[in-house]
Amino acid sequence: MTADTLSLDEKKAIIIKFLQQCNHYSDGMLDKYREQLNDVELEGVANQKIHDWGVYKDFNDYAMKELVGQDLDDWFK
């Protein structure tokens with residue numbers, strides 16, 4: 001199967017699945033850095049990492065919402 005034989009919905013589903021896997025990974029990273037909040041020496045870095053991973057997840061969530069709709073359909077032409 002090539003990219004030309006996939007329907008638009010199939011292409012979008014593949015990307016959504018990938019973004020879901022990215023968010024699953026980021027959940028693990030968020031857990032890791034939340035645990036570091038107990039360590040005074042790591043607290044500042046952990047807070048920044050938590051912020052960064054949260055922004056990353058929010059971006060992926062937004063992209064998935066756009067993929068469910070038709071906002072990004074032109075990207076697939």
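All of the numbers you see were taken from the coordinates with simple rules; none came from a lab. Every value quoted in this text rests on a predicted model; they were computed, and no experiment measured them. Every residue, glycine as well, gets a Cβ built from its backbone with ideal geometry; the counts of neighbours run over all protein chains shown.
Against the main long axis of the alpha-carbon atoms of the chain, helix 43-68 sits at an angle near 20°. With K and R counted +1 and D and E -1, the other residues having a Cβ less than 13 Å from that of LEU72 yield a net charge of -1.
Excluding HIS24 itself, calculate the net charge of residues whose Cβ lies under 14 Å from the Cβ of HIS24, where each Lys or Arg counts +1 and each Asp or Glu counts -1. The answer is 0. In the chain, the longest principal axis of the Cα atoms and the axis of helix 8-36 are about 0 degrees apart.
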